[in-house]
Ligand code: PMP
């Protein structure tokens, strides 16, 4: 038991503390490259035009504000499944979906479910990863040992495939959890190739590991949400598909966490889903009912607005085409600022090789700047990014790229 007055004051999570510091900064040319949120060419939040249209349609329907079922808005669950698994697989009965409080809620529920019912010895999380992965697994599964797989090769500035494989080969035991980012890895921006994914699947199958995919950036890696779901669909069809060759001893199941925060720009609406996958030959009912029980005691039932928006867009082919265009707009703008920042840094002869900026994909660049350089950027130049050198690319635009490049050159010396 702790005495309340003796509890130490814990620091605020870094990305939230950074946003607060940025907001409090009165310097006119400050630049926010911290939180993973999309910004338009004028550094402003962008409500997707497809989302705006859906809002207008909903408004005209004079809807009520009743409770949802514990499992969420079922038309939304169906659309969320289609988005991740494709239309064909989305009706398979061995994929069960529950609506969550965004991607964070999906991760939390996944961890809670695993801690109680999968009961692994270890959970493997990438090093580095979204920092909340470590916190979530610590909160929900305090008895599970966290092991880090070396995801990033700092010298080659790429995905450390050999290191990841070696760690899983040497340390993972049957029934252990592996948390995988299916696309646009946060924070590094480096993803496995298809061939590497197949090899990761081979280890997962052979060792009977339990995969938790965390999909937060579907659409941001390639601009095409289907292409970005390839790894998840591949794992599904390898182990759990109706027509998969039944291996004798397949992994027990799989979970897929899905955030719609970024690809619908619905950050504050907290919309997401968790998909539970079991073998087609066994009933998913029992396991699914345990997820439902956990949700009942945590949030009773999820929130309505974001679910209605996603459903409205995905129910209408015109709106869905519009949304696909919106996703492309975001992905392409970010690709454009990558090219612009790299060429600006090269133009002013900034020391070092900056080719990784355009090799990386998704919302972020893992710049390779050190913690002290990041601090100088903040203190001297009012440019804000995470201490690990992760830069949220959409904070850049035609008006501030020159300034940021000069600031980077200055702190590198
Ligand atoms: N997973 C990853 C890898 C993320 O980067 C994020 C957002 N930063 C999330 C999950 C959760 O996002 P949200 O809860 O806002 O949907």
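Fewest-first ordering of 220, 213, 305 by other beta carbons within 10 Å of each residue's beta carbon gives 305, 213, 220.
Quick one: helix 74-89 against the long Cα principal axis of the chain, what's the angle to the nearest 10°, folded into 0 to 90? The helix 74-89 is inclined about 90 degrees to the chain.
With contacts taken as Cα pairs under 8 Å and at least 6 residues apart, the range 207-264 reaches a relative contact order of 54 percent. Using C-alpha pairs below 8 Å separated by at least 6 residues, the relative contact order for the range 265-385 is 15 percent. Helix 401-412 and the long axis of the chain differ in direction by around 80°, with both axes built from C-alpha atoms. Axis of helix 14-24 versus longest Cα principal axis of the chain: the two differ by about 40°, to the nearest ten degrees.
By the helix-only formula, in which each DSSP H run with n ≥ 4 contributes -39500 (n - 2.57) and the sum is divided by residues, the chain has a 222 nm mean residue ellipticity of -14000 deg cm²/dmol. Between residue 148 and residue 315, the modelled labels are 4.6 nm apart [label points 7 Å from Cα along Cα→Cβ]. With the convex hull of its Cα atoms as the shape, the chain has an orientation-averaged projected area of 21.9 nm². From the Kirkwood radius over Cα pairs of the range 234-312, Stokes-Einstein at 37 °C and 0.692 mPa s returns a whole-number translational diffusion coefficient of 223 µm²/s. Please say if the range 328-372 is rounded, prolate or oblate, where rounded means a/c under 1.5 for a ≥ b ≥ c the square roots of the C-alpha gyration tensor eigenvalues, and otherwise the choice is prolate for a/b larger than b/c and oblate otherwise? In terms of gyration-tensor shape, oblate. Annotation: the residues 401, 277, sorted from fewest to most other C-beta atoms within 10 Å of their own C-beta, follow the order 401, 277. If both residues of a DSSP beta bridge must be in the chain, then about 50% of such bridges are antiparallel. Neighbour counts of other Cβ atoms within 10 Å put 301, 114 in the fewest-to-most order 301, 114. Placing pseudo-labels 7 Å out from each Cα toward the beta carbon at residue 237 and residue 195 gives an inter-label distance of 2.0 nm. Viscosity 0.692 mPa s, temperature 37 °C: what is the translational diffusion coefficient of the range 1-49 from Stokes-Einstein with a Kirkwood Rh over Cα pairs, rounded to a whole number of µm²/s? After rounding, the answer is 239 µm²/s. Cα centroid separation, the range 184-218 to the range 324-390: 24 Å. Taking each residue as 0.36 nm, the span from residue 174 to residue 359 lengthens on full extension beyond its C-alpha to C-alpha distance by 63.1 nm. Between 50, 259, 355, the Gaussian network model of the chain with springs among Cα atoms under 10 angstrom shows the greatest mean-square fluctuation at 355.
With contacts taken as Cα pairs under 8 Å and at least 6 residues apart, the chain reaches a relative contact order of 25 percent.
The numbers here are math on the coordinates, done by the rules we state, and not lab data. Note that the structure is a prediction, hence the values are computed from the model and not measured. Here Cβ is always computed from backbone atoms with ideal geometry, including for glycine, and neighbour counts include all displayed protein chains.
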